[in-house]
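What follows draws every value from the coordinates through simple rules; no lab data is involved. On a predicted model such as this, the values are computed, not experimentally measured, just so you know. Positions of Cβ are generated from backbone atoms using ideal geometry, with glycine treated the same way; all protein chains shown enter the neighbour counts.
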Amino acid sequence: MGRRTRSVPPSSAPAPFVDPKVLTAQLKDKDDRISLLETQMAAQQAGYEAQRRLNH
């Protein structure tokens, strides 16, 4: 049985080079999306709280 280890990449495949500018842009985009989601969740939570107070 010839089992090949998948964890070791072939030496012919170099590590992909990522432009730092692209990386930074992606990180910033992710930060923006996270803060937007947090804002939406906080607003939603506030809405639930207000509704609970009205209903009780």
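Here are the numbers for the structure shown:
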read-out	value
Segment Arg52-Asp31, extension gain: residue separation times 0.36 nm, minus the distance between their alpha carbons	4.4 nm
Efficiency of FRET from Cβ geometry, Thr39 and Asp19, R₀ 22 Å, rounded to 0.05	0.15
Rounded to whole Hz, the Karplus (6.51, -1.76, 1.60) HN-Hα couplings of the range 20-34, x for glycine and proline	x, 5, 5, 4, 4, 4, 5, 5, 5, 4, 5, 4, 4, 5, 5
